[in-house]
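Data block below; observations after.
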Amino acid sequence: MIRIGLISMAHMHAYSYARALLTMDERARIAGVFDPDPERGQKAAEQFGSQYFGDLQGLLSKADAVIICSENSLHMEYTLASAAAGCHVLCEKPIATNEEDALRMIAACDQAGVKLQIAFPVRFAAPMQRAKELLDANAIGDILCIKGTNHGQMPGGWFVDQELSGGGAVMDHTVHVVDLIRWFLGKEVVSMYAEVDTMLYDVDIDDCGMLSMELEGGIFATQDPSWSRPRTFPTWGDVLLDIVGTEGILRVDAFAQGLTVFDDQERQVVQHSWAEDMDMLLIADFLHSIETDAPPSVSGYDGLQAMRAALAAYESARQQKVVSVAK
Amino acid sequence: MKIGLVGSKALLQPHVEAYKALGVTVTAAADWQNQPAAWMCEELNCQPAASLGDMLAECALDMVHIAADPASQMVLAAEALTHGVHVVCEVPLAPSASAAQQLLAMAAEHNVRLLPARVNRFGPEYAAAKERLDGGSLGTPAVVRTERVLPIPDELSGDRSIIRGEMIKDMDFLVWCFGPVQRVMARSTQGRRHEAGEHALLTMRMANGVIVHLEAGWSSHVQEPRWALEISCRSGMIVHDSRASQGLALDGRALDKSLAGPDSWLLMKNAYIRHLEAVLQCLNALDNCWDEHSEIALMAAVDAALQSVTSSEMVLVQGEVQA
């Protein structure tokens with residue numbers, strides 16, 4: 001039985017990860033909730049039938065592994081503390097807000113001999129898993145280019161606070177699509193051009209952008225990370241990839257599996273998903289890597305490379321030119 | 001008004017249908033490679049000509065409608081304009097912005113009009129999107145996406161570019177709605193290992209700040225053309241997808257698909273007919289209804305996109321300055 005500590009409920013994914021853990025009570029249990037916001041932490045602990053810890057070390061002493069869903073800028077601090085306590089780490093994306101923090105997180109977990117997995121749940125969506133199988137089977141020949149989108153609604157809260165999030169729509173959504181592209185192709189992004197701006201909302205952070213990148217082997221890709229879904233949109237957003245190969249075109253939509261519901265009571269149109277729960281599959285994968293002592297399926301380095309691409313997008317937009325992406 | 005047609009069958013065919021639908025008399029027609037255009041004359045009951053030169057010399061034309069490749073159009077349009085004849089010409093008018101500028105100057109010199117054929121603006125879905133934008137209820141536009149993926153055309157030759165040949169239609173719509181393009185980052189499979197066709201992905205920044213993504217492709221892997229448009233604004237969004245807007249679909253293994261008719265959109269007047277009506281109205285009124293000079297801004301954006309594909313760098317559109 002793996003004891004999982006929840007560190008911060010600041011990110012909404014914390015709640016779906018916790019719900020997933022409750023369905024896996026033969027493999028894991030929630031050891032407790034730490035949150036610097038006591039009200040939020042106590043409420044979550046109560047919701048999930050667990051204990052609230054006002055002291056991080058108190059939780060770490062009771063846990064084998066942690067799930068970190070704090071504001072992005074705090075990922076490093078919590079990861080270092082967890083690694084020092086010998087806890088495996090599943091950290092919400094993006095890995096961090098800057099390269100130095102990410103490298104420290106990776107090094108700390110390496111040195112402590114604990115796993116560091118970055119939470120990219122979209123990899124675990126059934127259409128994405130099937131797309132990966134098709135691409136690995138060379139179903140559409142050599143890949144030429146990819147058009148990606150990860151649109152969303154403007155999340156508000158700490159997501160629009162530069163100090164806490166490290167960036168707006170481009171930071172929030174670039175990492176998902178870059179991670180999928182890297183995973184699908186096994187190739188790194190080598191250069192980036194981006195337009196980044198604040199045009200949709202009165203916020204002090206980017207809310208829209210457009211990225212154009214080149215990967216190893218001359219493959220190119222674009223990505224639209226904009227928080228451009230209006231409030232009346234039937235769902236929060238999308239993750240969509242059109243992959244153009246020499247033998248075919250593969251279109252994969254992580255969130256297409258749903259009903260459209262017209263609800264007069266609520267006066268809205270909503271999408272009701274009937275897809276397999278990607279968050280549950282992500283948690284199951286994290287538990288499996290601990291149970292079998294296997295390397296995490298999505299490593300700290302994967303998180304670093306996705307974040308580097310997002311940071312390169314900001315740099316490109318600042319310089320208004322193509323910039324290279326480190327690896 | 002005495003009208004002559006010159007060009008390739010693939011490009012002129014839908015226009016020929018429009019002339020027929022409106023019952024507009026066409027005086028003469030010629031193939032772009034100076035061959036008599038028997039097919040057009042059978043359709044339109046007009047006089048076949050051996051060349052544009054013959055038509056101009058013998059038919060006292062008022063207007064010539066040209067649809068050929070950009071380099072041929074440049075030559076044909078110049079010939080017609082110097083004869084003092086109005087010209088309607090497919091876009092791109094010419095191989096470059098500077099060449100298009102020369103043609104427009106030639107038209108002014110001879111006191112005739114050179115009207116770029118902007119059929120896409122007359123597509124009811126694009127016209128409706130523009131109308132909705134202009135209505136203002138959706139607020140300031142911010143992010144726009146366009147898509148246009150088609151089967152590889154029969155007449156695709158090695159020097160054709162998907163950006164110049166197809167994406168230009170969406171770029172024209174964008175220039176119409178949002179004004180000139182400031183900068184372009186373009187990538188294309190052209191010249192890379194690809195059995196045929198081409199796929200291009202562009203990001204653009206309009207001078208008014210709007211951020212754009214454009215996709216265009218000729219692919220042997222698609223059976224039906226598809227096109228899409230998405231405009232995100234501060235207070236809402238416009239979405240159109242050709243695949244979701246068909247008024248009629250006919251399935252059945254043994255059925256004759258042509259029974260569904262050539263236009264599953266079921267329009268009384270398609271974009272070509274609406275376009276031709278506007279052309280004739282403009283030339284009859286000889287007013288400022290066309291704004292052909294915005295063609296230079298469009299062509300400059302196309303030139304920048306092609307340059308960006310070659311250099312793999314962002315290219316500022318000539319005449320535009322950085323924000």
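The values are calculated or read from the model by the stated rules, or taken from the named source; none is laboratory data. These numbers were taken from a predicted model, which means no experiment stands behind them. For neighbour counting, all protein chains shown are included, and Cβ atoms are generated from backbone atoms with ideal geometry for every residue, glycine included.
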Notebook entry, point to check: Are any residues in the range A:160-175 part of a helix (DSSP H, G or I) and either surrounded by fewer than 24 Cβ atoms within 10 Å (Cβ to Cβ) or outside the structural domain of A:PRO230 (by TED's automatic domain parsing) (or both), and if so, which ones?
Noted result: A:VAL160, A:GLN162, A:GLU163, A:LEU164, A:SER165
Check: Applying the selection to the range A:203-250, what residues are within 20 Å of B:ALA228 (Cα to Cα), β-branched (Val, Ile, Thr) and in contact with a Leu (Cβ under 8 Å, 6 or more places away or on another chain)?
Finding: A:THR222, A:VAL239, A:ILE243, A:VAL244
Notebook entry, point to check: Considering the range A:222-255 alone, what residues qualify as being surrounded by 24 or more Cβ atoms within 10 Å (Cβ to Cβ), over 18 Å from the mean Cα position of the chain (by Cα) and within 8 Å of chain B (Cβ to nearest Cβ)?
Noted result: A:THR222, A:SER228, A:VAL244
Next item on the list: Go through A:MET199, A:MET154 for me and flag whichever is under 18 Å from the mean Cα position of the chain (by Cα) and part of a loop (DSSP other than H, G, I, E, B).
Entry: A:MET154
Check: Inside the range A:4-38, can you point out the residues that are among the aliphatic types (A, V, I, L, M) and part of a helix (DSSP H, G or I)?
Finding: A:ALA14, A:ALA18, A:ALA20, A:LEU21, A:LEU22
Notebook entry, point to check: Is it the case that the range B:75-89 has a residue that's under 18 Å from B:PHE178 (Cα atoms), in contact (Cβ under 8 Å) with a residue 12 or more places away in the chain, surrounded by 21 or more Cβ atoms within 10 Å (Cβ to Cβ) and within 21 Å of the chain's Cα centre (by Cα)?
Noted result: no
Check: Do you know which residues across the range B:186-223 are more than 8 Å from every other protein chain (Cβ to nearest Cβ), within 19 Å of B:ILE163 (Cα to Cα) and surrounded by fewer than 16 Cβ atoms within 10 Å (Cβ to Cβ)?
Finding: B:GLY191, B:ALA196, B:SER220
Check: Has the range A:27-42 got at least one residue that is within 13 Å of A:LEU287 (Cα to Cα), surrounded by fewer than 20 Cβ atoms within 10 Å (Cβ to Cβ) and free of Cβ contacts under 8 Å to residues at least 12 places away in the same chain?
Finding: no
Check: Does A:ASP110 qualify as being of a type outside the set (A, V, I, L, M, F, W, C), in the same structural domain as A:HIS75 (by TED's automatic domain parsing) and surrounded by fewer than 23 Cβ atoms within 10 Å (Cβ to Cβ)?
Finding: yes
Checklist line | Residue count, the range A:265-293 (criterion: free of Cβ contacts under 8 Å to residues at least 24 places away in the same chain and either within 16 Å of A:ALA28 (Cβ to Cβ) or in a helix (DSSP H, G or I) (or both)) | finding: 3
Notebook entry, point to check: When residues of the range B:195-248 are filtered for being part of a loop (DSSP other than H, G, I, E, B) and over 24 Å from B:ASN270 (Cα atoms), how many remain?
Noted result: 11
Notebook entry, point to check: Does B:ALA38 satisfy the criteria of being within 13 Å of B:SER72 (Cβ to Cβ) and either loosely packed, with under 15 Cβ neighbours inside 10 Å or touching a Leu at 6+ places or on another chain (Cβ under 7 Å) (or both)?
Noted result: no
Check: Hey, among B:ALA100, B:ALA107, B:ALA142, which residue is more than 14 Å from every other protein chain (Cβ to nearest Cβ) and over 17 Å from the mean Cα position of the chain (by Cα)?
Finding: B:ALA107
Notebook entry, point to check: In the set A:GLY41, A:GLY58, which member is more than 25 Å from A:SER165 (Cβ to Cβ), assigned to a helix (DSSP H, G or I) and not acidic (Asp, Glu)?
Noted result: A:GLY58
Item checked: Top-ranked residue in the range A:1-26 [being modelled with pLDDT under 95 and charged (D, E, K, R); ranked as surrounded by the fewest Cβ atoms within 10 Å (Cβ to Cβ)] -> A:GLU26
Notebook entry, point to check: Based on what the data block shows, is B:LEU229 at the interface with another protein chain (Cβ under 10 Å from one of its Cβ atoms), in contact with a strand residue (DSSP E or B) (Cβ under 8 Å, 6 or more places away or on another chain) and either within 16 Å of B:LYS169 (Cβ to Cβ) or aliphatic (A, V, I, L, M) (or both)?
Noted result: no
Check: Any idea which of (1) farther than 24 Å from B:ALA228 by Cα; (2) assigned by TED's automatic domain parsing to the domain that holds B:MET185; (3) modelled with pLDDT under 90 is the one B:LEU286 doesn't satisfy?
Finding: (2)
Margin query: When the residues of the range A:193-208 are narrowed to those that are more than 10 Å from every other protein chain (Cβ to nearest Cβ) and out of contact with any Asp or Glu (no Cβ under 7 Å at 6 or more places or on another chain), which ends up surrounded by the most Cβ atoms within 10 Å (Cβ to Cβ)?
Written below: A:ILE205
